[in-house]
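Q: Questions regarding the structure given below will be posed in turn.
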Amino acid sequence: MNNVINYMEIWVKEYMDIILEKEEGCKCDKCKRDVFTLSMNNLKPYYVATPLGEIIAKIESTKQQVETDIIVQVTKAINKVQNSPNHDR
Ligand SMILES: [Zn+2]
């Protein structure tokens, strides 16, 4: 089962970095981890076996469909973590 990937993880990390860039506030590993887990728990997993050829096109079209959802959930998670970080300020 080594070749099974949850693409949602890749996308969440990607958008998390983009959105965090624009947001004020803490960007330490602890906060990033909290944002990541929070977002992942609010999004559906998208598992794919080793991507080859036409599967890549399918992955891209799925990404476009879930993009808005990812941005909404990641933004929500960032706001939540920034309002109450899991560490001293
Ligand atoms: Zn932090």
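The values are calculated or read from the model by the stated rules, or taken from the named source; none is laboratory data. What you see is a predicted model; the values in this text were computed from it and never measured. Cβ atoms come from the backbone with ideal geometry, glycine included; neighbour counts cover every protein chain shown. What goes into the accessible areas is simple: the full protein's heavy atoms, side chains included, and nothing from ligands, DNA or RNA. Shrake-Rupley method; radii C 1.70, N 1.55, O 1.52, S 1.80 Å.
Q: Run the accessible area of the chain with a 1.4 Å probe and give the carbon-and-sulfur part as a rounded percent.
A: On the chain, the fraction of accessible area on carbon and sulfur atoms equals 51 percent.
Q: Further question on the same structure: Under a point-charge model restricted to the Cβ atoms of Lys and Arg (+1) and Asp and Glu (-1), what is the dipole moment magnitude of the stretch 1-77 relative to its Cα centre, in debye to the nearest 20?
A: 200 debye
Q: Using the alpha carbons of the chain, what is the convex hull volume per residue in cubic angstrom, as a whole number?
A: 99 Å³
Q: Tell me the mean residue ellipticity at 222 nm calculated for the chain from its helices only (DSSP H runs of n ≥ 4, each -39500 (n - 2.57), averaged over every residue, nearest 500).
A: Helix contribution divided over all residues of the chain: -23000 deg cm²/dmol.
Q: Ordering MET40, MET16 by accessible area with a probe of 1.4 Å, largest first, what comes out?
A: Result of the area sort, largest leading: MET40, MET16.
Q: Nearest 10 degrees, 0 to 90: what angle lies between the long axis of helix 54-83 and the longest principal axis of the chain (Cα atoms)?
A: Approximately 10 degrees, to the nearest ten.
Q: Give me the accessible area per residue for the chain, probe 1.4 Å, as a whole number in Å².
A: 70 Å²
Q: With axes computed from alpha carbons, what is the tilt in degrees of helix 29-41 against the longest principal axis of the chain, rounded to the nearest 10 within 0 to 90?
A: Around 50 degrees separate the two axes.
Q: To the nearest 0.05, how large is the calculated FRET efficiency for LYS76 and TYR7 if R₀ is 25 Å and r is the Cβ-Cβ distance?
A: Step by step, r from the Cβ atoms, then E = 0.80.
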